Amino acid sequence: MAGPLKGIRIIEFAGIGPGPFCGMMLADHGAEVIRIDRPGGVMDPRDPLSRGRTSIALDMKKPDAVQVARDLCRSADGMIEGYRPGVMERLGLGPEVLLADNPKLVYGRMTGWGQFGPYAQAAGHDINYIALSGVLHGIGRAGEKPVPPVNYVGDFGGGGMMLAFGMASALLHAAKTGEGQVIDCAMTDGSALLAGMTWGFKAMGRLKDEAGVNMLDGGAHFYDTYACADGKFISIGSIEPQFYALLREKTGLDADPDFDAQLDPAQWGPLKDKLAALFATRTRDEWCALMEMTDICFAPVLSLAEAPRHPHNVERKTFVEIGGAVQPAPAPRYSATVNDTPHAAPQVGADADAVLADIGYDASRIGALRDGGAVR
């Protein structure tokens, strides 16, 4: 793979969700990511989170397999794992061992709660992590229960992407100093950080600590989604005065003095009702014809089926086809180190012989590992 991380080797201990997302990002940007899978596992070539890897399957209950994993990490610049705290130590692959083997190693650890703290050993999922960080409390409609934002905020934004950033940062440090280190990436911490602007607004008295009543959470009439006559939806984000003025002009609301009170929260409810009634009079396509690609800050709300076909996404190649399925393309883009289109996820264990040979194992040793069931 081409990209700014070309020449970097990462060992990924297979997991679900944010760990694979981090591995995908590193592979998308040029790193060689060798995934250690469980024997008998399956990777779907249509899965974006598994793309761009090579795979070796190891039975980690066998000492020979643990030694292979240790040797792989000795050859690597970084590794990532997403087990509960203590699991890697019990396998004999904790940071003390691997950093002694390879002092430049960047040891990336992905958990929900972190490596320490009262919750550290508890099970959890995205919804729980963002609940504890205060993020979930602010997502939803006024007077209603919080709404889980799929698992974008904890698993992927506050987890996988945060770990990818941490890995890149620590790899730079290691390249300059020769010093590896351990990254404790917790989705609770990461999701809290994603809400940095919200915490700033709260400190400045510009935000109420409740959902659905603030400017950016659906409380304001000029920052929300609206249903159209065909049951489809549009999004409006006319915050700045000039954009709000254009919204009023295009919709014919510039003559309605009620809309002069843009920033008065007491008027947001009635003004939203007026906008809802107006937008319900035309189809989404009709509103697109009037407002798309203007400074209103407007876009249609597209489904997963529709988004890859939109002209903007088509021109930018925002989506690609890999493994027979449409997937998001690698992002962001670079002028000098252009990313390749990732290859589809391999079959579990398909690259074992090549991976082992690359770290110096000869044919007889590879055969012995296979015969002993450590490598499958």
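The values are calculated or read from the model by the stated rules, or taken from the named source; none is laboratory data. Everything quoted here is computed from the prediction, not taken from an experiment. We place every Cβ from the backbone using ideal geometry, glycine too, and count neighbours over all the protein chains shown. To get the accessible areas, we keep the full protein, side chains included, count just its heavy atoms, and leave off ligands, DNA and RNA. Shrake-Rupley method; radii C 1.70, N 1.55, O 1.52, S 1.80 Å.
Among the helices (runs of 4 or more DSSP H) confined wholly to segment 146-257, which include 2 or more residues that are surrounded by 14 or more Cβ atoms within 10 Å (Cβ to Cβ), without any contact (Cβ under 8 Å) to a residue 40 or more places away in the chain and among the basic types (Lys, Arg)?
none
Which pairs do you get when a residue that is in a loop (DSSP other than H, G, I, E, B), found in segment 278-293, comes within reach of a residue that is open to solvent by 50 Å² or more (accessible area, probe 1.4 Å) and at pLDDT 95 or above, reach meaning Cβ atoms under 7 angstrom, with the pair 6+ apart or on two chains?
Note: pairs meeting the criteria are 280/229; 281/229; 282/229; 283/229; 283/230.
Within the bounds of segment 264-271, is there any residue that is acidic (Asp, Glu) and either open to solvent by less than 50 Å² (accessible area, probe 1.4 Å) or in a strand (DSSP E or B) (or both)?
No, segment 264-271 contains no residue that is acidic (Asp, Glu) and either open to solvent by less than 50 Å² (accessible area, probe 1.4 Å) or in a strand (DSSP E or B) (or both).
Has segment 121-136 got at least one residue that is of a type in the set (S, T, N, Q), closer than 21 Å to residue 166 by Cα and buried (at least 22 other Cβ atoms within 10 Å of the Cβ)?
Yes: one or more hits.
For segment 310-336, give me the residue count where each residue is open to solvent by 50 Å² or more (accessible area, probe 1.4 Å) and either at pLDDT below 95 or within 25 Å of residue 5 (Cβ to Cβ) (or both).
13
Report yes if residue 345 is within 20 Å of residue 52 (Cβ to Cβ) and open to solvent by less than 20 Å² (accessible area, probe 1.4 Å), otherwise no.
yes
Which residues, taken from segment 294-306, are assigned to a loop (DSSP other than H, G, I, E, B) and surrounded by 17 or more Cβ atoms within 10 Å (Cβ to Cβ)?
Answer for segment 294-306, where residues must be assigned to a loop (DSSP other than H, G, I, E, B) and surrounded by 17 or more Cβ atoms within 10 Å (Cβ to Cβ): 296, 297.
If I ask for residues that are among the hydrophobic types (A, V, I, L, M, F, W, C) and either open to solvent by 10 Å² or more (accessible area, probe 1.4 Å) or modelled with pLDDT under 95 (or both), which ones from segment 16-35 would you list?
16, 21, 24, 25
Which of the residues belonging to segment 115-141 are without any contact (Cβ under 8 Å) to a residue 60 or more places away in the chain and in a helix (DSSP H, G or I)?
Passing the criteria: 127, 128, 131, 132, 136.
Do we have any residue at all in segment 101-109 that's in contact with a helix residue (DSSP H, G or I) (Cβ under 6 Å, 6 or more places away or on another chain), over 18 Å from residue 348 (Cβ atoms) and polar (S, T, N, Q)?
yes
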